[in-house]
Amino acid sequence: MSEVSEKEKIKESSMSEAMKRFVMRRNYLVKSGYQFKIIMSLVLLFALISLVAVINLYFVGWRVTATITGTNDPSVWHSLIKLFFDRYINLIIGVALIDILVVILLGILFSHQFAGPIHKLENFFLKLKNTGKAEKLQFRKEDNLDDLADSVNSFTERLNLITEELKFLIKALETDDIKGAKERAALIKKIAPEWFGVIKSEDKEAEGTA
């Protein structure tokens with residue numbers, strides 16, 4: 001009976017984890033403030049383009065009407081515009097609202113392409129800060145950020161190795177194991193020699209300015 005209940009618990013746990021992953025994949029507003037700015041920029045850009053298109057249509061329509069009627073009196077063209085709006089105002093408003101909704105949806109999808117990786121990077125480094133270790137960083141295939149993930153993972157792997165060696169180094173110093181401390185220090189320098197090369201050059205500059 002206990003084995004059955006244990007299997008049921010495992011099954012429920014796996015189902016809940018799968019549901020969480022499903023919901024997370026559908027969360028397109030991972031950084032709402034950042035994405036809102038992008039969406040608003042796209043909406044304003046769409047409005048500006050629409051305004052320019054309307055102005056162009058106005059003057060083109062005016063010239064066509066003038067050519068047909070043989071007069072430059074804009075009142076004829078204005079009458080046609082008024083007639084058009086009187087008949088199709090509801091359709092115009094409906095199409096405009098649909099266009100704005102489409103732009104907003106596209107803005108959410110577009111901004112998520114940037115917000116998703118940024119959100120993942122923030123969580124990655126937050127975990128690194130709080131725990132001293134981080135899991136392997138992976139982006140979605142469509143993000144095309146494999147090179148960045150490889151660079152970050154290479155950095156954290158070396159950092160994890162240095163952290164482990166520093167623990168042994170501190171332990172050796174606390175127990176007055178000078179030989180062990182020197183060995184650990186040598187290993188740390190071997191793991192990332194260029195880091196300590198930078199530190200060494202900075203120390204020399206500090207000594208020169210002192």
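Every number here is computed from the coordinates shown, using simple stated rules; none is lab data. Given the structure is predicted, the values throughout are model-derived calculations rather than measurements. We place every Cβ from the backbone using ideal geometry, glycine too, and count neighbours over all the protein chains shown.
Restricting the stretch 81-113 to chymotrypsin sites (Phe, Trp or Tyr not before Pro) that sit in a DSSP loop and have at most 12 other Cβ atoms within 10 Å of their own Cβ leaves nothing. Taking other residues whose beta carbon is less than 12 angstrom from the beta carbon of Asn160, and scoring Lys, Arg as +1 and Asp, Glu as -1, yields 0. The trypsin sites (Lys or Arg not before Pro) of the stretch 21-82 meeting both criteria, a DSSP state outside H, G, I, E and B (loop) and at most 13 other C-beta atoms within 10 angstrom of the site's C-beta, are Arg26. The residues neighbouring Leu80, those whose beta-carbon lies less than 15 Å from its own, together hold a net charge of +1 under the Lys/Arg +1, Asp/Glu -1 convention. Within the shell defined by Cβ-Cβ distances under 13 Å, the residues around Lys127 carry a net charge of +2, with Lys and Arg each +1 and Asp and Glu each -1.
Determine the alpha carbon to alpha carbon distance for each of Lys120/Lys171; Lys127/Lys171; Lys31/Lys167 and list only those over 30 Å. Table pairs above 30 Å Cα-Cα are Lys120/Lys171; Lys31/Lys167.
Would you please state which residues of the stretch 87-125 a label at Ile49 would reach in this model, taking the label point 7 Å out along Cα→Cβ and a backbone N cut-off of under 18 Å? Once the point is set 7 Å along Cα→Cβ of Ile49, 95-112 turn out to lie under 18 Å by backbone N, inside the stretch 87-125.
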